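Working notes for the structure below.
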């Protein structure tokens with residue numbers, strides 16, 4: 001029972017969903033972020049990995065064609081597509097005016113860059 005509860009909580013906390021859009025044109029891995037506001041009623045945003053862009057879809061048309069990836073497929077998809085997804089999401093939020101990011105000025109601290117980049121030379125607390 002505890003593991004079922006844990007899985008349910010994990011799904012609620014996790015905002016992104018990895019799946020496959022199956023159509024007559026072929027199958028495409030897509031990513032949906034439930035935290036993104038829907039573009040309009042009856043429409044959803046999906047990151048289309050083939051187009052490398054966030055695309056608006058009619059929810060009624062695609063809902064029966066979306067299939068969740070299993071845990072191994074999801075792990076591979078995250079590894080392969082997460083960076084593109086993140087960049088597309090930032091561009092979408094900038095375009096909607098929901099993300100105010102100023103261009104970097106020399107000598108300024110950018111917390112987004114600081115925390116998103118992994119510096120292999122930094123000490124880690126896990127090492128001690």
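Examine segment 52-72 for a residue that is farther than 19 Å from residue 88 by Cα and assigned to a loop (DSSP other than H, G, I, E, B), and state whether such a residue exists. Yes; the residues of segment 52-72 include at least one that is farther than 19 Å from residue 88 by Cα and assigned to a loop (DSSP other than H, G, I, E, B). Total residues in segment 13-30 satisfying the condition of being closer than 16 Å to residue 93 by Cα and either crowded, with 16+ Cβ neighbours inside 10 Å or at pLDDT 85 or above (or both): the figure is 1. In segment 81-88, is there at least one residue being at pLDDT 95 or above, within 15 Å of residue 18 (Cα to Cα) and either outside any helix (DSSP H, G or I) or out of contact with any strand residue (DSSP E or B) (no Cβ under 6 Å at 6 or more places or on another chain) (or both)? The answer is yes, given that some residue of segment 81-88 is at pLDDT 95 or above, within 15 Å of residue 18 (Cα to Cα) and either outside any helix (DSSP H, G or I) or out of contact with any strand residue (DSSP E or B) (no Cβ under 6 Å at 6 or more places or on another chain) (or both).
The values are calculated or read from the model by the stated rules, or taken from the named source; none is laboratory data. Bear in mind the structure is a predicted one, so any value in this text is a computation, not a measurement. Ideal geometry is used to build each Cβ from the backbone, glycine not excepted, and the neighbour counts take in all protein chains shown.
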